[in-house]
Structure formats: structure tokens, C-alpha cells
Amino acid sequence: MTGLAILVLVVGAALLAALHLELNLLAPAPRGGLRVLMYHRVGDHPARDTVAAEELERQIAWLRERGHALIGLRDLLAHRERGAPLPERPVLLTFDDGTADQLEVLLPVLRRCRAPAGLFAISSYVGKVLPYGGAPQRFLSSAELRQLAGAGVEIGLHSHSHRSMAGMAPAEVEEEVAASLAFFAAEGVPVEPVLAYPFGAYPRAPGAEQQAFFAALRRAGVRLAFRIGNRVNPLPLDTDYEVQRIGIRRADRLWSFAIKVRKGRRKAFA
């Protein structure tokens, strides 16, 4: 094969890739399924799970331009438990951990965009400065969480200790949830009975262990739980305790964000 032929093939492949990405950006939103997007920090942090405020605003604007409707945790609970209708192309924005930027940076973005969101807070981290992601990190105080809740951000549970729940005995699972609920009740922080598994970890293999785990969540009062899975959820939901979330990170430019929203995973030619 000549050098010119190779060049033509390379240029052609690049053009096809660019066309595919452009189609993902401009294509109408798929009608089926629920997309739950998982974020962590918002702002200028160097951590890879951080999204810049400007990028988050662009993503929210893109979602609406493509016909998606943003919903909250309570909307999803009402749909699951009472059959309340959801909009045609629902997307739920969720943010993990309860770090200070989620008041200082995230809340202004949500206000400007008039966007609902859920925040999963770690109860034993509230009001503390702890090593987290390679650097000291300040976590929101109870008063700040109440401020967020008062502004319309729905607070959910991210466990009490932020330990993996994959190997916990049912009694430990109940203790984790009970400790978290008790803490927020004592602090006057309104929370929704929903849980995001720390690290997305829980007994994934179907069987007796998984069923005992889910039963412990149910006894503890958890009504919905979220995992990581990078998949679009079917509607109506077919599970209470394995709702999948799609992780969004700094590396996701708008084209890759669009692919994730459409397909769950960022595979340009999938």
C-alpha cells in the first residue's frame, strides 16, 4: 500500500469518527429509559472525578436542548412506589459525598439552570476536614446541608462510614443505614430514603447473599439504592436496589458526555 493510500485511509477514518461524534451531539434523544448521571466534585479540583462548573452548565443545557427532562429523587420514588408518571426522557443528576464545593460551586449552577439534583452525603464525614482524593477535603456541615435542602437539593444517604458494603453482614448493613438516618434526624437534615452504595459496591451475584443484603436494606428503611453500572435503566424500573448510574468526569467533553447519555458507556463506535 502506498503512502498516499495510507494517508487517505487515516484521513477517512478521522472524518468518520468526527461525523459519528457530531451525530451523537445533534441526534434526537432516545425515548426509552432513565438516565442517572453520577458526579462528584464540581469546580477546579485536579481530581479526575471533578467537573468544571462551566462544563456542567453546558451539559445541562445540552440535555434540555435534546429533549431530556431533569427529575429529582422524590420524582423517581413516586414513580416507583405509586406509579406517578415521569416525563418522556427523564434524567436524574446525582452528586456524591457532600464536599464543600457542592454548596459553593454546585448550588449556584443548579440555581442558574433551575435544575433539580440529588446529593448523597456521608454522615460520619459531615463538618470534618479529611484526607480525600489525595488532599485534605472539607465536608459540608449539617447547617450547610440544611441550606442545600432548603434550596431544593434532595439529600440521600451515602452510608455512615463510607466503607464498601459488598462484604457486610446483613446486621452491619442495617447498622450503617440506621446510624446515617439517626445522625441526619438529630441534626435536622431532611433526607430521602435512598442510598448510593460507596464505591458502587454490594453483593452483585444473584443468590442468597444478595437477597439477604436487599432484605437488610428494606428492613432499615431504604426504598431505592443506586449502583455504578454505566447503563441506561429500563422504565418502568425492574429493581429497587440496583438502579444504575453513569459516571461523568473531567475527561468527558461534550461529545463523550453525549455518547454516555445516549448509550451509557463512552464507546465512540459502539
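Every read-out reported here was derived from the displayed coordinates using simple, explicitly stated rules and does not represent laboratory data. Worth saying up front: this structure is predicted, and the values here are computed from it rather than measured.
At a glance:
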read-out	value
The chain: most fluctuating residue of Ala169, Ala100, Ala208 per GNM, C-alpha cutoff 10 Å	Ala208
Largest-first ellipsoid semi-axes for the chain, taking √(5λ) over the Cα gyration tensor eigenvalues, angstrom	34, 21, 19
Cα-Cα P(r), segment 152-244, percent of pairs per 5 Å interval	3, 14, 26, 27, 17, 10, 4, 1
Per residue convex hull volume, Cα atoms of segment 194-270, in Å³	110
Shape call, segment 40-108: gyration tensor on alpha carbons, a/c limit 1.5	oblate
Gaussian network model of the chain, Cα within-10 Å springs - most flexible of Tyr197, Tyr132, Tyr39	Tyr132
Length added when fully stretched, Ala47-Trp62, from 0.36 nm per residue minus Cα-Cα	3.0 nm
Degrees separating the helix 3-26 axis from the principal Cα axis of the chain, which is the longest one	40
Computed [θ] at 222 nm, deg cm²/dmol, the chain (DSSP H ≥ 4; -39,500 (n - 2.57); rounded to nearest 500)	-12000 deg cm²/dmol
